[in-house]
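Read the structure below first, then the notes.
Please treat every number below as a calculation from the coordinates, not as lab data. All values derive from a computational prediction rather than experimental measurement. For neighbour counting, all protein chains shown are included, and Cβ atoms are generated from backbone atoms with ideal geometry for every residue, glycine included.
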Amino acid sequence: MLRAVTLLCLLLAVPVLGVLGSWLVFDAESLATLQHQWQTVLPEYLWHSGLLALGVAIGVALLGGATAAAVTLFDFPLRRVFEWALLLPLAMPAYVLAYAYTDFLQFSGPLQMALRELTGAQGALWPDVRSLPGAVALFILCLYPYVYLLTRAALGERAV
């Protein structure tokens, strides 16, 4: 049994070891490629990645914490429904939610088309979802339930 588990672990580790092994081969061509990326696109990618991470962290903390505090510390109509409804984003993988939100909110999506038809407005009604602020918003909507769950559990222990 131990041999079978060891063999399975080794087979599963092959792709990871392949990637790690490729890092050991660092020649002049690799250095030139890295320098070219650093001079062209890498600083912008790093900046946008940092902004994305910061925006998502702040948004998830605010939305998850506020919703957990609301359903734990206050009594209002439909509170019990909100307690479980706020967990619904966990029921779908994040990439499926991203596709659904993007398709629904984009310029040619059903929401903007219906609103343009109702109001007679021309052009886009809000900024493109395929942007940094759009990505931040979609990540927040996908990830806040994790903070909500932890905060609700922590506040539930302290609520009197």
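Any residue that is touching a residue at least 24 places away in the same chain (Cβ under 8 Å), more than 13 Å from the chain's Cα centre (by Cα) and closer than 19 Å to G55 by Cα - is there at least one of those in segment 128-137?
yes
Counting only residues that are β-branched (V, I, T) and surrounded by 10 or more Cβ atoms within 10 Å (Cβ to Cβ), how many does segment 114-132 have?
1
Considering D103, D75, which residue is within 22 Å of V136 (Cα to Cα) and among the acidic types (D, E)?
D103
Got a sec? Which of E83, E117 is farther than 23 Å from A153 by Cα and among the charged types (D, E, K, R)?
E117
So for segment 38-48 (the condition being assigned to a helix (DSSP H, G or I), acidic (D, E) and without any contact (Cβ under 8 Å) to a residue 40 or more places away in the chain), does at least one residue qualify?
Yes: segment 38-48 contains one or more residues that are assigned to a helix (DSSP H, G or I), acidic (D, E) and without any contact (Cβ under 8 Å) to a residue 40 or more places away in the chain.
For residues that are loosely packed, with under 14 Cβ neighbours inside 10 Å and hydroxyl-bearing (S, T, Y), tally how many sit in segment 55-111.
Counting residues in segment 55-111 that are loosely packed, with under 14 Cβ neighbours inside 10 Å and hydroxyl-bearing (S, T, Y) gives 3.
What number goes with the only condition from (1) under 30 Å from F139 (Cβ atoms); (2) without any contact (Cβ under 8 Å) to a residue 24 or more places away in the chain that S30 does not pass?
(1)
Tell me yes or no: at least one residue of segment 92-107 is closer than 18 Å to A57 by Cα and either of a type outside the set (F, W, Y) or touching a Leu at 6+ places or on another chain (Cβ under 8 Å) (or both).
yes
Any chance you could count how many residues in segment 89-119 are in a helix (DSSP H, G or I) and without any contact (Cβ under 8 Å) to a residue 12 or more places away in the chain?
Residues that pass the stated criteria total 16.
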